[in-house]
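Laboratory data are not the source of any read-out in this text; all were calculated from the coordinates shown. Just so we're clear, the structure is a prediction, and the values are computed from it rather than from any experiment. Here Cβ is always computed from backbone atoms with ideal geometry, including for glycine, and neighbour counts include all displayed protein chains.
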Amino acid sequence: MPSFKRAESGELTVDGTPVSALVEEFQTPAYVFSEDTFRARATEFRSAFETAFAAHGAEVSVYYAGKSFLTTAVAKWAEDEGLYLDTASGGELALAQRAGVPGERIALHGNNKSVAEIRRALDYGVGRIVADSVPEVQIIASIAAEMGLVAPVMLRVTPGVHASTHDFIATAHEDQKFGQSMAAGTAPLAGLTVVELNELGITAEDAYATVAVALAHRSESIDLRGLHCHIGSQIFEADGFGAAAQKVLTYMQQLNERFGFVLPEIDLGGGYGIGYTEQDAPRGSAEIATELADMVSKTCANVGMAIPHLSFEPGRSISGPSGITLYTVGTIKNVAIEDENGDTRVRRYVSVDGGMSDNPRPVLYESDYAVTLANREPAGEQILSRVVGKHCESGDIVIRYCYLPADLAAGDILAVPGTGAYNHVMSSNYNYLTRPPVIATSGAKAPRAIVRRETEEDMLARDLGLV
Ligand code: LLP
């Protein structure tokens, strides 16, 4: 049953609860997150990937990318649904620990992990640490040695493919901060002396990533599990994922031949796009998984290797469609604009009680969202509108272009769907606004706050006053 539905009265409901009841109990702005949808999407993704790869005799682990949306409850739901958890910092790891997610089901990422973060991960016994660079391999090796442990490590590589998405969230081309280059001739950039490279059997023609592999392989405190890549986020086309998988698998086979070992795993990251507006055409998890499984299996056959154990790290595609944000309409005003024919038209500016502090994505990535009148039927004449926040800058736009009913009035509730990913986790206190609560809904339970609304006291607690 869909979680977001109009009741007969015309009002929007979430897992059976009318938004007016949610607003009465929890006020606005509020993130409303459907536990039912999250669990269903998590399970759907996991089984789609498991089934598609099982058809080729391969095994899969699906990690939920916690960076997209994480609370203690959410970490637990992901685990309940059989997903592993991808964490990107000591803070995310702390939350996973608090939720009781077992260490072996957690991976730690990041391009600049602190010593404390690595120590914490090793101490908790995380299943994988994804090393982003040669210096990180060295640091992980020395911390693990000092702790008398063997660190299970994946090496993040840069596939060198172009992912069609916003520049800020594309991570596969060479000139960006993530991963180690697989390009021949980049080994001298690894920062080791010629003598050190010689000792590892590395030449100037080798790749930067090969230095990391050699170092990890030689270290007794690292158990090198395989390679990792992630090409970017909010991607619809399959080509980028396929091209990256092909490049990494081919390189992996070269390493296997070169070093005489078999790296048993590959992690192909996340990045599957979701529909924010009607213009977006996301593909289903089964279609994505089948396509990827075919590509991986073909590539492995071509390069003559057995299909390694595969991992995937979807975040947005699980959490994004599970959440909506509720806002209350405040001031409404008309502004004269010139259309493309030079004619004067009116654009209605609708202000709401949140904005770029609860959803920074429009201002960061020019992201588009849809919006709907939620407390009643959005009927009658529709007027060209722009929904804006209450922050002190003109870029504080929630919805750039939309049509909303002519009789929209202060006090009406607007719902913005698709805000389950990268909203709550990227929220701020800009202009000293308190951050909204996260309300979880489910058909089986009464709606409840899983993150409470921030109070002014919370917000001011770190300001030490007139010291
Ligand atoms: N794995 C790795 C290594 C990642 O860096 C990411 C996202 C994911 C998995 C999950 O990607 P997803 O399936 O959610 O696309 N703040 C940006 C998105 C940043 C993505 C960062 N990494 C946004 O709001 O669009």
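Miscellaneous remarks
- Taking max minus min of the alpha-carbon positions on each principal axis, region 115-233 gives extents of 43, 35, 20 Å, largest first.
- For region 311-368, Kirkwood radius (reciprocal of mean inverse C-alpha pair distance, Å): 14.8
- Relative contact order of region 35-320, defined on C-alpha pairs under 8 angstrom at six or more residues apart (%): 21
- Reported value for region 188-270: 113 Å³ per residue, from the convex hull of its C-alpha atoms.
- Averaging the sequence gap over all C-alpha pairs within less than 8 Å and six or more residues apart, then dividing by the number of residues, gives region 226-331 a relative contact order of 35 percent.
- For the pair Val346 and Val195, the difference between a 0.36 nm per residue extended length and the Cα-Cα distance amounts to 47.3 nm.
- Cα-Cα separations in region 252-395 greater than 25 Å, expressed as whole percent: 54
- Rounded FRET efficiency, nearest 0.05, which uses the C-beta distance separating Ser428 from Gln254 and R0 of 35 Å: 0.20
- For q = 0.20 Å⁻¹, Debye-computed log10 I/I(0) when each Cα of region 390-448 counts as one equal scatterer: -1.16
- Full-stretch length increase - Asn112, Ala449 - with 0.36 nm per residue and alpha-carbon distance subtracted: 118.0 nm
- Translational D in µm²/s for region 35-320 (Stokes-Einstein at 4 °C, 1.567 mPa s, Kirkwood Rh from C-alpha pairs): 68
- Taken along the Cα-to-beta-carbon direction at a fixed 7 Å, the label points for Gln279 and Asn334 span 2.7 nm.
- At 0.890 mPa s and 25 °C, Stokes diffusion of region 326-467 via Kirkwood alpha-carbon radius, µm² per second: 147
- Neighbour count of at most 10 Cβ within 10 Å plus DSSP loop: longest trypsin sites (Lys or Arg not before Pro)-free window in the chain: 178-461
- Angle between the chain longest axis and helix 90-99 axis [Cα atoms, degrees, rounded to 10]: 80
- In order along region 298-313, phi translates into HN-Hα couplings of 5, 4, 4, 5, 4, 8, x, 10, 6, 5, x, 5, 10, 10, 10, 9 Hz, rounded to whole numbers, per the Karplus curve 6.51 cos²θ - 1.76 cosθ + 1.60 with θ = phi - 60° and x for Gly and Pro.
- The loop-placed GluC sites (Glu not before Pro) in region 89-185, going by DSSP, that have at most 15 neighbouring Cβ atoms within 10 Å of their Cβ come out as Glu174.
- 12 Å cut-off, amide nitrogen to a point 7 angstrom out along Glu146 Cα→Cβ, residues in region 115-132: 115-120
- Solution diffusion estimate, µm²/s, Stokes-Einstein, region 211-327, Kirkwood Rh from C-alpha pairs, 4 °C, viscosity 1.567 mPa s: 82
- Calculated log₁₀ intensity ratio I(q)/I(0) where the Debye formula runs over C-alpha points of region 125-164, q = 0.24, 0.27, 0.28 Å⁻¹: -0.79, -0.92, -0.97
- When only Cα pairs below 8 angstrom with a gap of at least 6 residues are kept, region 105-231 shows a relative contact order of 29 percent.
- Tyr349 long-range amide H proximity, modeled H, under 5 Å: Lys333, Asn334, Val335, Arg386
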